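Worksheet: the structure to be examined is printed underneath.
The values are calculated or read from the model by the stated rules, or taken from the named source; none is laboratory data. It should be emphasised that the depicted structure is a prediction, and the values quoted were computed from it without experimental measurement. Don't worry about glycine lacking a Cβ; one is built from the backbone with ideal geometry, like all the others, and counts go over all protein chains shown. The protein model used for the area step is the full one, side chains on, heavy atoms only, and it has no ligands, DNA or RNA in it. Shrake-Rupley method; radii C 1.70, N 1.55, O 1.52, S 1.80 Å.
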Amino acid sequence: MAAESNPGPGIPGTPGTNGPRHRARGRRRKPRGRRRTGILVAAWAAAGVVVIGGTGAGYVYFKLNGNLDSVDIDHALGTDRPEKADDGSQNILVLGSDTRADGNDEIGGGTDDGTARSDTAMIVHVHEGREKASVVSLPRDTVIDRPECTDTDGEEYPAASGVMFNSAYSTGGAACAVKTVESLTGIRMDHYLEVDFGGFQKLVDELGGVEITTTQDIQDPDSHLDLEAGTHQLTGEQALGLVRTRHGVGDGSDLGRIQLQQAFLKALVEQIKDVGLFTSPKKLYDLADTATKAVTTDSDLGSVNSLVSFAGSLKGIGPEDMTMITMPVQYDPADPDRVILAEKKADRVWKALKEDRPIPESATKGTATGEAKGVVSAP
C-alpha cells in the first residue's frame, strides 16, 4: 500500500528478469485499486439493509448487487490446480493493488500509468468450524519463479524466473496472482477478494474511525502520516497512511509495513464488532453502498446473497481468534531491498494449512521481521 512502489528489477520486461512484459486486456485496461479490508462490512451491511428496507428491499438488493465487481478466476485457471480441501476449511486470497486509476492517484499519490502491482497480499485460512483463522501475509518484494498463467481474457503469459511476487498481478491480473500463490504454496484458493484506496478510506470514516494505540511517534511524509505515541481515533485518511507507511517505523522495509497492516486489521475487526449498524438505516445503507462499490470478488462471491452467506459463516471469528504471520523469508544477500523464501520454514506453514492445523511457532522463528511488531495495537 505504498505510493513509493517502483517496478524495480522484479517486474517482467526490466533487466534481470525473463519474459516480456504484457498488459492484460479487458478489465485490466482500467484497473481499480484495491485493499484488503471491508468484505465483512460489505456483507453484514448489505444483509442489514435488506432486513431494514422492508418493501424497498427489492430495489436496495438490486442496487447493491449492481455495485459488485467479480472476476471468473476458476474459468481462467482451468483444472490444473491443487485439489479443494475436503476438511471444511477455506482459503481466501485477499489482494490490494497499487494502481492509481479511478482517482486513486489523488488519494495514494503517484500517477496513473495504466499498470498495477499487488501491493498487499494475504492468504486467509478459515479453519474447520469457522471459529478461528490463520492469516499469512505474502511480502510483495519476495523474489520468486512465476509460473505461466492465463488472464481472465484468455491471454497467456510465459513463466518468469527471479521476479518479484507482485509482478504476477501486473502481468496477468487476478488470475495470474492466484495461479502464482497456488504454485508457491500448493494450496488451492477457494475465493479471491480486493478492496480499493477510496473505498478503504470511506469505510473507515463511515465506521466513525478506528481506534489504535501506538507505542512510538510515527512520521512519514510519503504517506502523509504524523502520529504521536498514544491512542488515536484514526480517520480514513490517517488509516490509509498507516497501512501504507514503510519508512515511519521499523527497518523501513515492506516487512515492517506488513506488521502494521496486521495490527490495524485486528483493530478494524474489533471496531466492526462494536458498531451498532442496525441503529441507523441511513448509516447502514451508506456503509453497504460504499463497501459493495469497493470490493471485487471471484464469481462465486459476486452477489449480495453470496457475501451475506460467506460473512455469516465467519461472524464468530474475532481478533483474538486470528493468528497472523508473515510468510517466512530472509533478506536477499544480493539485494537488501528484496527478500527470498525461507523454504523449509515456509513448507511448515503450507503443511499446517493443508492439514488445517495451527501454524507452528518454529515456522517463523529466526526469519526476517521488519522490526515493527508491537508498534501498533488495538487499545
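Values for this structure:
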quantity: Near pairs, Cβ below 7 angstrom, 6+ apart or cross-chain, from the stretch 208-231 (in contact (Cβ under 8 Å) with a residue 40 or more places away in the chain and more than 19 Å from ALA378 (Cβ to Cβ)) to any residue that is among the β-branched types (Val, Ile, Thr) and surrounded by 14 or more Cβ atoms within 10 Å (Cβ to Cβ); calculated: SER223/THR245
quantity: Single unsatisfied condition, PHE200 versus (1) open to solvent by 30 Å² or more (accessible area, probe 1.4 Å); (2) outside any strand (DSSP E or B); calculated: (1)
quantity: Evaluation of GLY316 against (1) among the small types (Gly, Ala, Ser); (2) surrounded by fewer than 19 Cβ atoms within 10 Å (Cβ to Cβ); (3) assigned to a loop (DSSP other than H, G, I, E, B); (4) within 20 Å of the chain's Cα centre (by Cα) (one fails), failing number; calculated: (4)
quantity: Filter pass, LYS354 being of a type in the set (D, E, K, R), closer than 29 Å to MET164 by Cβ, at pLDDT 90 or above and touching a Gly at 6+ places or on another chain (Cβ under 8 Å); calculated: yes
quantity: Where a residue in the stretch 293-305 is farther than 13 Å from VAL195 by Cα and its partner, wherever it lies, is assigned to a strand (DSSP E or B) and open to solvent by 10 Å² or more (accessible area, probe 1.4 Å), with Cβ under 6 Å and at least six apart; calculated: SER299/SER70; LEU301/HIS191; GLY302/SER70
quantity: Test: residue in the stretch 354-363 that is in contact with a helix residue (DSSP H, G or I) (Cβ under 6 Å, 6 or more places away or on another chain), free of Cβ contacts under 8 Å to residues at least 60 places away in the same chain and buried (at least 18 other Cβ atoms within 10 Å of the Cβ); calculated: yes
quantity: Verdict on ASP145 being free of Cβ contacts under 8 Å to residues at least 40 places away in the same chain and in contact with a helix residue (DSSP H, G or I) (Cβ under 7 Å, 6 or more places away or on another chain); calculated: no
quantity: Residue within the stretch 179-187 that is farther than 30 Å from PRO82 by Cα and either touching a residue at least 60 places away in the same chain (Cβ under 8 Å) or touching a Lys or Arg at 6+ places or on another chain (Cβ under 8 Å) (or both) present; calculated: no
quantity: Extreme residue, farthest from ARG338 (Cα to Cα), among residues of the stretch 129-149 that are modelled with pLDDT under 95 and open to solvent by 40 Å² or more (accessible area, probe 1.4 Å); calculated: GLY129
